[in-house]
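Take a look at the structure set out below.
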Amino acid sequence: MPASYDKRSAIAVLPRVRHGQVKSAELRAWLARSELVDVGRTPELLPWILGGLGVAIPDHGLGALRLWGQTGERPSAWVAAADPVYLEPRLDHLCVHAQGRARMPPSDLGPLVEHLQATIGDGSPYGFARVDSLAYLCGDDRLASASLSPAAVDGQTPNDHLPTGEGADRHRALLSEIEMALHDHPVNLERQQRGLPPINSLWIWGGGVAPDATGDPYPPLFADDPLLRGYWRCNDAIEAPWPGDMLNCLDAADDGFVAVTPDANDGESLDRWLSELRDALSSGRLSSLSILFSDGVAAHVRRVDAMRFWRKQNPLLEVPASAS
């Protein structure tokens, strides 16, 4: 983090804001005075947050960092995230559908990972492992892997994001084995009966060993995201689970903070967290805010923005006519 970084700034990731998710007209007007940007597809959290801190994202080892964030221990071997996906066959191409932790309970993931370990992992340079609702590929050797998570390529053609060059052939060969092993697995038949897509492949990404610490100082992190927590642990920075509200973050952090809230959809939580941030800004406890909403809207808010009285509305925050 650069020495010029404002120690009274905060970075927050909040639930979606479009289509009137902010119930308070006063809070909508406050946000409308800030710099609001439609970033489209929600960016990956780690690069977005590190960009706000002026730090480059590691070029390897994201899978190892995520595992570190889950277990609290630095992995000693090469690790890649191995996330379940549904590859939908279309007329002339495949389409990646990320399943996410909410759609992939451990009761589904566990048998699939155990099956892959028994059919592919035993006797090979790689092993498949599950930690709660996340899966990993581990080994002593190195394998080319995708750089982006499945959430970042959701709805896109997989070939556009798979590794190329040295090691790409081994990556493709391993994927073929995985897809053959998962075909017609009983878990997939049960998922289809429940109206869920089958898991017919894994998205192997972020491979590498855990990177070295950057040597930069970081503001405290309050989040449940394992990749973020692993990165903060790697850099010996303060990190803790999301405490429930922004006031706890403010009380625990004297030099600004980074907070990632749950993706709540109740409306009341979003208004409460925004209100707490607004009050901290107006009182001088914070000098500026960078906010990323989960539906691809970003805001940069400064104390002086409160003087922009003429800016009372923004199309990104408008309440639909049917709801007004």
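The values are calculated or read from the model by the stated rules, or taken from the named source; none is laboratory data. Quantities reported herein were computed from a predicted structural model and do not represent experimental measurements. Positions of Cβ are generated from backbone atoms using ideal geometry, with glycine treated the same way; all protein chains shown enter the neighbour counts. Remember, those area values only see protein heavy atoms, side chains included, never the ligands or the DNA or RNA. Shrake-Rupley method; radii C 1.70, N 1.55, O 1.52, S 1.80 Å.
Things worth noting here:
- Long-range neighbours under 8 Å by Cβ, at least six apart or interchain, first residue free of Cβ contacts under 8 Å to residues at least 40 places away in the same chain within region 89-108, second in a loop (DSSP other than H, G, I, E, B) and polar (S, T, N, Q): Arg101/Ser133; Pro105/Ser133; Pro106/Ser133
- Residue match in region 54-62 (condition: in contact (Cβ under 8 Å) with a residue 60 or more places away in the chain, of a type in the set (A, V, I, L, M) and assigned to a helix (DSSP H, G or I)): yes
- Set side by side, the residues Asp92, Asp108 differ, and just one is in a helix (DSSP H, G or I) and either in contact with a Leu (Cβ under 6 Å, 6 or more places away or on another chain) or farther than 19 Å from Leu174 by Cβ (or both), which is Asp108.
- Only one entry in Ala98, Ala80 is in contact with a strand residue (DSSP E or B) (Cβ under 7 Å, 6 or more places away or on another chain) and closer than 28 Å to Gly215 by Cβ, namely Ala80.
- Of residues in region 235-277 being touching a Cys at 6+ places or on another chain (Cβ under 7 Å) and outside any loop (DSSP other than H, G, I, E, B), the one surrounded by the fewest Cβ atoms within 10 Å (Cβ to Cβ): Phe257
- Inclusion of Ala129 among residues that are open to solvent by 20 Å² or more (accessible area, probe 1.4 Å), in a strand (DSSP E or B) and either under 22 Å from Leu227 (Cβ atoms) or at pLDDT 90 or above (or both) is warranted.
- Among the candidates Asp184, Asp141, residue that is touching a residue at least 60 places away in the same chain (Cβ under 8 Å), over 24 Å from the mean Cα position of the chain (by Cα), outside any helix (DSSP H, G or I) and farther than 30 Å from Cys249 by Cα: Asp141
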